[in-house]
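Take a look at the structure set out below.
The values are calculated or read from the model by the stated rules, or taken from the named source; none is laboratory data. Computed from a predicted structure; not experimentally measured. Ideal geometry is used to build each Cβ from the backbone, glycine not excepted, and the neighbour counts take in all protein chains shown. Accessible surface is based on the protein model in full, side chains and every heavy atom, while ligands, DNA and RNA are left aside. Shrake-Rupley method; radii C 1.70, N 1.55, O 1.52, S 1.80 Å.
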Amino acid sequence: DQQVKQNSPSLSVQEGRISILNCDYTNSMFDYFLWYKKYPAEGPTFLISISSIKDKNEDGRFTVFLNKSAKHLSLHIVPSQPGDSAVYFCAASAYSGGSNYKLTFGKGTLLTVNP
Amino acid sequence: AAGVIQSPRHLIKEKRETATLKCYPIPRHDTVYWYQQGPGQDPQFLISFYEKMQSDKGSIPDRFSAQQFSDYHSELNMSSLELGDSALYFCASSTPGYEQYFGPGTRLTVT
């Protein structure tokens, strides 16, 4: 039962254009969402996050949008750069007391930015 | 800036052998998480520790155990290895909160 879904295994965009990566979730208890970027042979790198009490968070070229009613979030990268080419994982967490912040990941989207 | 350190980076074991993976969190991070990522899969949560106590447990086989030591480093012990245990094992650390910082991973191959 995949609670976090990234339905596009891959996405290809032109340098300078906008990249939009999508993520859907099913667990209404999730209250925090994160995006990680992963290069081959490296661990996931934290990119940006959003709390469920917000609908937008922006950090430089990266913006995450959250639509709670639709259980959908998206990551916008603008302008896209060739160095952004990587696998992007959407992750979600439901705080369950104590220090329990385990992450549930989607299967990832491979972004390729073409020069 | 200091990052999460994992050792070894690569490990090859035979079926039924044991393996120990080590994780050194970012300084002043008191929470450690272990994840397993199979080929073409998303990372799956195994277990976590906060202040040297187990704080949460996921889909970790009984053949696996883990602990966090007084210096906050953590070890994942895997016994009676099976072919299906071949995967990338990531450790992540954090202060109490949502944002976790991942190490480079240990690639375990069981033959």
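Among the residues of segment A:61-93, those identified as in contact (Cβ under 8 Å) with a residue 60 or more places away in the chain and surrounded by fewer than 17 Cβ atoms within 10 Å (Cβ to Cβ) are A:78, A:79, A:81, A:82. Restricting attention to segment B:36-55, the residues that are facing another protein chain (nearest Cβ under 8 Å), open to solvent by less than 10 Å² (accessible area, probe 1.4 Å) and either among the hydrophobic types (A, V, I, L, M, F, W, C) or part of a strand (DSSP E or B) (or both) total 1.
Can you confirm whether segment A:6-14 contains a residue that is free of Cβ contacts under 8 Å to residues at least 24 places away in the same chain and either among the aliphatic types (A, V, I, L, M) or farther than 30 Å from residue B:10 by Cβ (or both)?
Yes, segment A:6-14 contains a residue that is free of Cβ contacts under 8 Å to residues at least 24 places away in the same chain and either among the aliphatic types (A, V, I, L, M) or farther than 30 Å from residue B:10 by Cβ (or both).
Being touching a residue at least 60 places away in the same chain (Cβ under 8 Å) and within 12 Å of chain A (Cβ to nearest Cβ) is the requirement here; does residue B:111 meet it? The answer is no for residue B:111.
In segment A:44-56 there is at least one residue that is open to solvent by 50 Å² or more (accessible area, probe 1.4 Å) and closer than 22 Å to residue B:45 by Cα.
Restricting attention to segment B:91-108, does a residue exist that is in contact (Cβ under 8 Å) with a residue 60 or more places away in the chain, among the aliphatic types (A, V, I, L, M), within 19 Å of residue B:8 (Cβ to Cβ) and away from chain A (no Cβ under 11 Å)? Within segment B:91-108, one or more residues are in contact (Cβ under 8 Å) with a residue 60 or more places away in the chain, among the aliphatic types (A, V, I, L, M), within 19 Å of residue B:8 (Cβ to Cβ) and away from chain A (no Cβ under 11 Å).
Scanning segment A:1-43 for residues that are at positive phi and either modelled with pLDDT of 95 or more or buried (at least 20 other Cβ atoms within 10 Å of the Cβ) (or both) returns a single hit, A:16. Criterion applied to B:26, B:12 was being in contact (Cβ under 8 Å) with a residue 60 or more places away in the chain, of a type in the set (Val, Ile, Thr), more than 9 Å from every other protein chain (Cβ to nearest Cβ) and touching a Phe, Trp or Tyr at 6+ places or on another chain (Cβ under 8 Å), and the one residue passing it is B:26. Looking across segment B:60-86 at every residue that is open to solvent by 10 Å² or more (accessible area, probe 1.4 Å) and hydrophobic (A, V, I, L, M, F, W, C), the one that is nearest to the other protein chains (Cβ to nearest Cβ) is identified as B:60.
Can you say whether residue B:48 is under 27 Å from residue A:109 (Cβ atoms) and without any contact (Cβ under 8 Å) to a residue 40 or more places away in the chain, as far as the supplied structure shows? The answer is yes for residue B:48. With the condition kept exactly as written, say whether any residue in segment A:65-85 is outside any strand (DSSP E or B) and either within 13 Å of chain B (Cβ to nearest Cβ) or closer than 21 Å to residue B:39 by Cα (or both). The answer is yes; a qualifying residue exists.
The test for being in contact with a strand residue (DSSP E or B) (Cβ under 6 Å, 6 or more places away or on another chain), in a loop (DSSP other than H, G, I, E, B), at pLDDT below 95 and open to solvent by less than 70 Å² (accessible area, probe 1.4 Å) does not hold for residue A:97.
Here's a check for you: in segment B:56-72, which residue that is in a strand (DSSP E or B) and among the hydrophobic types (A, V, I, L, M, F, W, C) is farthest from residue B:18 (Cα to Cα)?
B:66
Filter segment A:1-60 down to residues that are of a type in the set (D, E, K, R) and in a loop (DSSP other than H, G, I, E, B) and give me whichever is nearest to the other protein chains (Cβ to nearest Cβ).
The initial filter retains those residues of segment A:1-60 that are of a type in the set (D, E, K, R), namely A:1, A:5, A:15, A:17, A:24, A:31, A:37-38, A:42, A:54-56, A:58-59.
Checking the rest, the ones that are also in a loop (DSSP other than H, G, I, E, B) come to A:1, A:15, A:17, A:31, A:42, A:54-55.
Numbers: A:1: 12, A:15: 27, A:17: 27, A:31: 9, A:42: 6, A:54: 13, A:55: 17 Å.
Looking at the filtered set, the residue picked out is A:42.
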